[in-house]
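The values are calculated or read from the model by the stated rules, or taken from the named source; none is laboratory data. No experiment lies behind these values; they were computed from the predicted model shown. Reconstructed Cβ throughout: ideal geometry from the backbone, glycine too, with neighbour counts over all protein chains shown. Remember, those area values only see protein heavy atoms, side chains included, never the ligands or the DNA or RNA. Shrake-Rupley method; radii C 1.70, N 1.55, O 1.52, S 1.80 Å.
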Amino acid sequence: MIVLSEVLYFLTAAEIETTSRLCYRSLPKGGECPLVNWTGHNYLPIDGIEASNLFADASPWSRSLKWDENRYRIDLLRNS
């Protein structure tokens with residue numbers, strides 16, 4: 001399991017995509033990667049929603065959970 005909690009939006013889009021590919025390759029089939037992101041305003045070029053989407057779309061993850069509540073978003077991704 002690789003947990004990424006409130007870190008992705010500090011990276012550039014290219015760094016998020018690279019991180020996604022590295023995490024995907026590092027996990028065995030069925031390995032999980034939970035993402036936790038703040039979805040409120042953040043003064044950064046990338047917000048939490050965009051960061052989650054960039055990460056999830058950069059590799060062939062299987063998304064088993066997407067939960068939005070009170071300005072946080074949690075995605076549970078699996079290596080498929």
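Brief remarks on what is shown
- Residues in region 53-71 that are outside any strand (DSSP E or B) and at pLDDT 95 or above were compared, and the one that is farthest from the chain's Cα centre (by Cα) is Pro60.
- Any chance Ile74 is touching a strand residue (DSSP E or B) at 6+ places or on another chain (Cβ under 8 Å), open to solvent by 40 Å² or more (accessible area, probe 1.4 Å) and either hydroxyl-bearing (Ser, Thr, Tyr) or assigned to a helix (DSSP H, G or I) (or both): no
- Scanning region 27-47 for residues that are out of contact with any helix residue (DSSP H, G or I) (no Cβ under 6 Å at 6 or more places or on another chain) and in contact (Cβ under 8 Å) with a residue 40 or more places away in the chain yields Leu27, Pro28, Lys29, Gly30, Gly31, Glu32, Pro34.
- For region 12-33, the set of residues classified as surrounded by 15 or more Cβ atoms within 10 Å (Cβ to Cβ) and either polar (S, T, N, Q) or within 22 Å of Asn70 (Cβ to Cβ) (or both) consists of Thr19, Ser20, listed by residue number.
- Matching residues, region 1-11, being open to solvent by 60 Å² or more (accessible area, probe 1.4 Å) and either at pLDDT below 95 or in contact with a Phe, Trp or Tyr (Cβ under 7 Å, 6 or more places away or on another chain) (or both): Glu6
- Condition check for Glu50: charged (D, E, K, R), without any contact (Cβ under 8 Å) to a residue 12 or more places away in the chain, open to solvent by 20 Å² or more (accessible area, probe 1.4 Å) and not in a loop (DSSP other than H, G, I, E, B): no
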